[in-house]
Amino acid sequence: MPALRSSVFLLLILAITGCSTKAYFKLPEQSTVSINERAEQHPQGLVKIRPFFWNRAGGVPYKLTSTTTGQPLSEGKLSTRFRVVSIFWPPYSIIYWPMGFRHPCYDLTTPVTGTCTDQDLMMLRKAHRDAQ
């Protein structure tokens, strides 16, 4: 019985993580980010979206937009990685959704896209928990 319970739990975890990729984003004040040329705008904090196709192996495009003027502030590419969970999520994940965010947090407040500091990541996680 414990083996069955563990197997069901493992399958449930794979099902939950197999359908999305997520990362935290630190943004300049009064701005939003759109990812992978989608119309949806995301504020600072956790962004959880569908994984990316193979054509995003070299990076996924993003566009930073001002919330006050609606004008683009910057554009670039976020680094991606192969998601191992896509191997175990049949039948189509390895074909259609093999790529995810490389880093747990991206800092878009600087001219060069980078990763957040540990302190920034902790602050964003705390803000996300407090908002729920």
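The values are calculated or read from the model by the stated rules, or taken from the named source; none is laboratory data. In this text, all values refer to a predicted model and were calculated from it rather than measured experimentally. Note that we place each Cβ from the backbone using ideal geometry, even for glycine, and neighbour counts take in every protein chain shown. Accessible surface is based on the protein model in full, side chains and every heavy atom, while ligands, DNA and RNA are left aside. Shrake-Rupley method; radii C 1.70, N 1.55, O 1.52, S 1.80 Å.
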Residues of the stretch 80-108 being modelled with pLDDT of 90 or more and open to solvent by 60 Å² or more (accessible area, probe 1.4 Å), in sequence order, are 81, 102, 104
Filter the stretch 109-121 for residues that are over 17 Å from residue 47 (Cβ atoms) and modelled with pLDDT of 90 or more; the one that is most open to solvent (accessible area, probe 1.4 Å) is 119
Going through the stretch 43-63 in order, the residues found to be under 21 Å from residue 131 (Cβ atoms) and assigned to a strand (DSSP E or B) are 45, 46, 47, 48, 49
inquiry  = Tell me yes or no: at least one residue of the stretch 3-20 is within 11 Å of the chain's Cα centre (by Cα) and either at pLDDT 90 or above or not acidic (Asp, Glu) (or both).
reply    = yes
Over the stretch 42-64, the set of residues open to solvent by 70 Å² or more (accessible area, probe 1.4 Å) and farther than 20 Å from residue 111 by Cα is 48, 50, 53, 54, 55
Listed by first then second residue, the pairs whose first member lies in the stretch 112-131 and is free of Cβ contacts under 8 Å to residues at least 60 places away in the same chain and closer than 15 Å to residue 27 by Cβ, whose partner is assigned to a loop (DSSP other than H, G, I, E, B) and open to solvent by 100 Å² or more (accessible area, probe 1.4 Å), with beta carbons under 9 Å and at least 6 positions apart or on separate chains, are 115/102
